[in-house]
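So the structure is just underneath, and the comments pick up after that.
The values are calculated or read from the model by the stated rules, or taken from the named source; none is laboratory data. It should be emphasised that the depicted structure is a prediction, and the values quoted were computed from it without experimental measurement. Note that we place each Cβ from the backbone using ideal geometry, even for glycine, and neighbour counts take in every protein chain shown. The area values use the complete protein model at the heavy-atom level, side chains included, leaving out ligands, DNA and RNA. Shrake-Rupley method; radii C 1.70, N 1.55, O 1.52, S 1.80 Å.
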Amino acid sequence: MDIPSKYEPNTVENHWYDYWMQHKYFHSKPDEREPYTIIIPPPNVTGVLHMGHMLNNTLQDVLIRRARLLGKNACWVPGTDHASIATEAKVVAKLREQGIHKTDISRKEFLNHAWDWTHNYGGVILEQLKKLGCSCDWERTAFTMNDNMSDSVIKVFVDLFNKGLIYRGYRMVNWDPEAQTTLSDEEVVYEERQGLLYYIAYPIEGSEEKVTIATTRPETILGDTAICINPKDERYRHLRGKKVLVPICNRAIPIIEDEYVDLEFGTGCLKVTPAHDINDQALGEKHNLEVIDIFNADASLNSNGLHYEGKDRFLVRKEIAQELQEKGFLVKTENYINKVGTSERTKAVIEPRLSDQWFLKMEELVKPALHAVLETGEVKFFPKKFENLYRNWMENIRDWNISRQLWWGQQIPAYYFGSGQNDFVVAENIDDALKLGREKSNNPNLNKADLRQDEDVVDTWFSSWLWPMTVFNGILEPNNTDIKYYYPTSDLVTAPDIIFFWVARMIISGYEYRKEPPFKNVYFTGIVRDKQRRKMSKSLGNSPDALKLIEEYGADGVRVGLLLSSAAGNDLLFDESLCQQGKNFSNKIWNAFRLVKGWDVSDDLSQPEASKLGIAWYTAKFNQTLSEIENHFGKYRISDALMATYKLVWDDFCSWFLEISKPAYQQPVDKVTFDSIIHLFEQNLKLLHPFMPFLSEEIWQRIADRNPQQALIIAEWPKMEEEINQGLINGFDFASEVISGIRTIRKEKNIPKKEALELSVLNQEKVSHVWDVVIEKLANVSTVSYVDYGLEGALTFRVKSNEYFVPISGAIDIDAEIKKIQDELNYTKGFLQTVQKKLSNERFVNNAPEQVVAIEKKKAADAEAKIETLEKSLASLE
C-alpha cells in the first residue's frame, strides 16, 4: 500500500468516521462488561460549535475512547437542550421577518413554527461534533422536548407539587424585559457599570423645607410610596410623622422609620419603591405601603409614568433628570460605579418585578446533595477547589423560580377552574385535572372546557436537571434495564459557570428520584479565553470559526492544540499557534511511520547491540510514561496525560529510539528489530488514540491488514508487561547528555556530522560501558576509550563528574578557540562573583525563602564546575 508523502487529515477523517459509524463502534447496549457512561452537557438546539464546545467535547471524547480501549462498555449519550429563551427569540425574529407578531397567532400555531424551526435549523451542532471526532452513541440522541422527556418533566412537577415542594407565590422576581420572562437568580449576571448617583429634593408637605435622597434610578420616583429614615438618625428626628411630595407627580407619601436605612449611604434618607426593588418590597410589606408598578413588560413606562408613558426606562432616566433639574428638584449628580444585574441569555438589564410565579422549595432538597460532595465523597469534584463554591451556593440557596413567561417548553401542568387564588389543580393531563377539579370545586358538572391551563412553561433547567435520568427514561420507567445498568453515570465534563444552573441541580434531583448521585466525578474545564484574557464570544468577534480550524489544522491538530494548555479548572488562553503545534505533531508521527515502513527488512541479519539496547530502553521508558499517564488520568489531569504522551512520542520515540534503531543509509533492518519497532509503534498509537483518533486509526490500519474486529478504536489499552527498569532509563539519560555534548562541539566548531570523532572518558561516575555502542552510533564516534587523566590539546565537556575529551588535531582554529573559551571563562567568573556576593549577604540568606537560597547555591556550584572545565580546556589548548 502506497503511503502518501503528506498526511491529509480531511480525507482521512471522513473515511474513518464513516467506518466507525458503519461498524457501530460508538453504540452501547447493556452487557456483562463494566459500564462507563458520560452524558453530554446538552448544547442549545440553536447553537453552533464554538471553542468552549470544542474543548469540552474533546475532553469527553478522550475519556470515552480510553474507556473503550480499557474494555469497558463505553456509552456517551449526546443530545440538545430546547433552550426556551434562545429558541423562542429565534422563532419570534423569524416570524417578525414574515410580518407576523407572536400575539397575532395561537399558542398551537406558534409551537408549530418552533418545531419547524427546530427540525430545519436545530441540531446542527451535533453534526459539527462529528467533524471533531466525537464518538457519541448517536442512536441514543436525546432532545429535552422529546415526548418521553417532556412527560418526565411534567411527572416530576406534579410529584413535587404533591409533596408540598412546589408552590405558587406573588414574589419579587428577576424580569428580563427583552425576553419578557422571569429568570432565576443564577441566570442573572452582575456587571460593574459606571453610572450616576442623583440627589433629589422632596418638599416636606405644608413646609418650605425639603429632604434630599440619593438614587441611581430617578425614573422610579413615580413609583415611590414612602421616604424612610433611620430612627437613630438625629438629623431627621423632626420629620417623624410628616409627609413629603414626590417631585413631578406631586403625590403625598409618608416618612417612615426603619433601622434598615444605612446612615452612611447617600444622605441617610431612602426612597421606597416597593414595586421595583426587593429590599423596598420588604419594607413595603413591613410598613403596609402602597405598591405602584410604573413599568410595562418591555420596561417602558405605563400610565403610572404620567407623560412618560410608552417611553423606554433608560430614555426616561435622561429626560426625567432634565425635568427635575429644570424644576429645581435635582440637587446634584455624582459619578457612581454600580453593580447591575443583566440577563445571562439576552444581556438586557434585569428589572425587579412583582409577579405570580411558581417556585420550588430548596432547603430540604439540597441536603443529600451537600452531603454527597462535601462529606461522603460520593461525588468528587476535579479540581477540588470548586467544592467551596458549591458549598457557598448550596448553604445559601433560595427557592427556585421555575416558571417562565414563554410558550416554547413544557407547559406548567396547573389547571384553573375559577377566579379564586386557590382555584386550580396540578395534574399530569387534563383528564386527571378534570377529576381533581371536580373534587376540589365540589362541582360534578365541571368539564374540560371549564379548565384553563397555566400559560407559562417551566424553566429550561427544570428539564435538564433530570437529564442523567431521562436520557435512559429513568423517570417514567424507573426499573428499566438501561437506567439500572448505566446509572449512576461515570464522569461529567462541564464548565464551572453552570455549577449552579445544572451540576448542583442534577445532584439534587438524582438523590430525590434515585437516592444516589447522577455521576461519580465532575471534571470542570476552564473557560476558553483569547490572548487578552477575554472570554471568547460572537459579540467580541474574538472566537475563531471552529470548523475552519478543523479544516486548516485537522481535527487531531485542533484537539491537541486545545488540550496542550488546558489544565483542569484553569482558563485556557487560546492561541491558534497551538493548533499548528498539534498539526506539526501529526506530521511528525506520520513521517516517523513513513520512515519505518520505508525500510527494507532482512531475515538474515543479526540484531545490532545498539538496537537491542534501544528496544530495551524504550520499553522501560514506555512503561514509565504509561504509569505517569495512568496517574494523570486518575486525577483528571488530561492535559498532563497528553503532554506525557507527546514527549514520549516526539522526543523519546521519534528523536531518540528511531535514531538508535534505524539501519545505515540504504541498508536493510533486521527483522527482530523491525518487528519490535512496529510493536512499540502500535503501543504508541494506543496511547495516542484518545487524543488523536483519526491519525492513529489511519496508521494502525496501514501497518497491517485488519478486519473490523481489529480496529484500533476497540483495541486493548497498553498494560505494563514488566517492571520499570529504572537502571536502563538512567543509563540512557546519561548517554543522551554525552551525545548532546558531542553534538554541541560539532555545532560550535563546525565539524561535519560525517567526520568521525574519537572520545576519551575520565569515568569518575563509574558509568557502564554498555551505552558506548549507542554513543558511537548517534554521535558518529569511531572509538570510546577510558583514561585515567585528561587529554591535552582536546576539547572537553562534563556530564556530572565525568569529563569527556574530543581531540581536535587541526579540525578547528586553535587561537580563535582559546579566545572564545577565555571570554566564556571571564563571563562565568563574573557571574560567580555576583552570586557569591548575594550568598555572603546575611540579610538575604536569613530572610529569603529556603528554596530561593538553595537555587542561588546551585548556581554557584554549577558556575564553579563550569570554570574548572573551561580552565582545563584552556590549559589543554595552550
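Among residues that are of a type in the set (Lys, Arg), surrounded by fewer than 16 Cβ atoms within 10 Å (Cβ to Cβ) and in a helix (DSSP H, G or I), Lys747 is included. Applying the set (1) on the phi > 0 side of the Ramachandran plot; (2) polar (S, T, N, Q); (3) surrounded by fewer than 17 Cβ atoms within 10 Å (Cβ to Cβ) to Asn480 leaves exactly one unmet item: (1).
Among the helices (runs of 4 or more DSSP H) confined wholly to the stretch 763-878, which include 3 or more residues that are modelled with pLDDT of 85 or more and either closer than 27 Å to Phe732 by Cα or open to solvent by less than 70 Å² (accessible area, probe 1.4 Å) (or both)?
Numbers: elements: 772-779, 814-839, 842-847, 850-877.
Where helices (runs of 4 or more DSSP H) fall fully within the stretch 763-878 and carry at least 3 residues being modelled with pLDDT of 85 or more and either closer than 27 Å to Phe732 by Cα or open to solvent by less than 70 Å² (accessible area, probe 1.4 Å) (or both), they are 772-779, 814-839, 850-877.
Counting only residues that are without any contact (Cβ under 8 Å) to a residue 40 or more places away in the chain, open to solvent by 90 Å² or more (accessible area, probe 1.4 Å) and in contact with a strand residue (DSSP E or B) (Cβ under 9 Å, 6 or more places away or on another chain), the stretch 449-475 holds 1 of them. Suppose the filter is at pLDDT 95 or above, in a helix (DSSP H, G or I) and open to solvent by 10 Å² or more (accessible area, probe 1.4 Å); does Arg33 pass it? No; evaluated as a whole, the condition is false for this residue.
When Leu324 is tested against (1) farther than 30 Å from Phe424 by Cα; (2) touching a residue at least 12 places away in the same chain (Cβ under 8 Å); (3) surrounded by fewer than 17 Cβ atoms within 10 Å (Cβ to Cβ), only condition (3) is not met. Once the stretch 330-347 is narrowed to residues that are of a type in the set (A, V, I, L, M, F, W, C) and surrounded by fewer than 18 Cβ atoms within 10 Å (Cβ to Cβ), the residue that is modelled with the lowest pLDDT is Ile337. Leu389 fulfils the conditions (1) open to solvent by 50 Å² or more (accessible area, probe 1.4 Å); (2) farther than 18 Å from Phe519 by Cβ except for a single criterion, (2). Of the residues making up the stretch 427-443, at least one is open to solvent by less than 30 Å² (accessible area, probe 1.4 Å) and closer than 27 Å to Gly510 by Cα. In the set (1) at pLDDT below 95; (2) open to solvent by less than 40 Å² (accessible area, probe 1.4 Å); (3) of a type in the set (Lys, Arg), Lys686 fails one condition alone, (1).
Is it true that Glu139 is among the charged types (D, E, K, R) and modelled with pLDDT of 95 or more? Quick ask: steps written out before the conclusion?
Details: among the charged types (D, E, K, R): yes; modelled with pLDDT of 95 or more: yes.
So Glu139 passes the test.
Confirm whether Ala369 is among the small types (Gly, Ala, Ser) and surrounded by 19 or more Cβ atoms within 10 Å (Cβ to Cβ). Criteria met by Ala369. In the set Ser676, Ser696, only one residue is in a helix (DSSP H, G or I), modelled with pLDDT of 95 or more, farther than 17 Å from Thr619 by Cβ and of a type in the set (Ser, Thr, Tyr); that residue is Ser696. Which fully enclosed strands (runs of 3 or more DSSP E) of the stretch 209-298 have 2 or more residues being buried (at least 16 other Cβ atoms within 10 Å of the Cβ), in contact (Cβ under 8 Å) with a residue 40 or more places away in the chain and out of contact with any Gly (no Cβ under 7 Å at 6 or more places or on another chain)? Filter on the stretch 209-298 gives 210-215, 226-229, 243-245, 269-272. For the stretch 56-97, how many residues are modelled with pLDDT under 95 and part of a helix (DSSP H, G or I)? Total satisfying the criteria: 15. In the stretch 417-426, the residue that is nearest to Lys155 (Cα to Cα) out of those that are at pLDDT below 90 and either part of a helix (DSSP H, G or I) or open to solvent by 40 Å² or more (accessible area, probe 1.4 Å) (or both) is Asn422.
Could you say whether any residue in the stretch 653-660 is assigned to a helix (DSSP H, G or I), free of Cβ contacts under 8 Å to residues at least 24 places away in the same chain and over 30 Å from Ser606 (Cβ atoms)? Talk me through it step by step, then tell me what you get.
Here is the first cut: in the stretch 653-660, the residues assigned to a helix (DSSP H, G or I) are 653-660.
Next, only the ones that are free of Cβ contacts under 8 Å to residues at least 24 places away in the same chain stay: 655.
Checking which are over 30 Å from Ser606 (Cβ atoms) leaves us with none.
Checked the stretch 653-660: no residue is assigned to a helix (DSSP H, G or I), free of Cβ contacts under 8 Å to residues at least 24 places away in the same chain and over 30 Å from Ser606 (Cβ atoms).
Only one of the numbered conditions (1) small (Gly, Ala, Ser); (2) at pLDDT below 90; (3) within 20 Å of Pro518 (Cβ to Cβ) is violated by Gly377, and that is (2).
Would you say Glu512 is more than 15 Å from the chain's Cα centre (by Cα) and closer than 18 Å to Leu160 by Cβ? Don't jump to the end; show me each part of the working.
On the way: more than 15 Å from the chain's Cα centre (by Cα): yes; closer than 18 Å to Leu160 by Cβ: yes.
Against the criterion (more than 15 Å from the chain's Cα centre (by Cα) and closer than 18 Å to Leu160 by Cβ), Glu512 qualifies.
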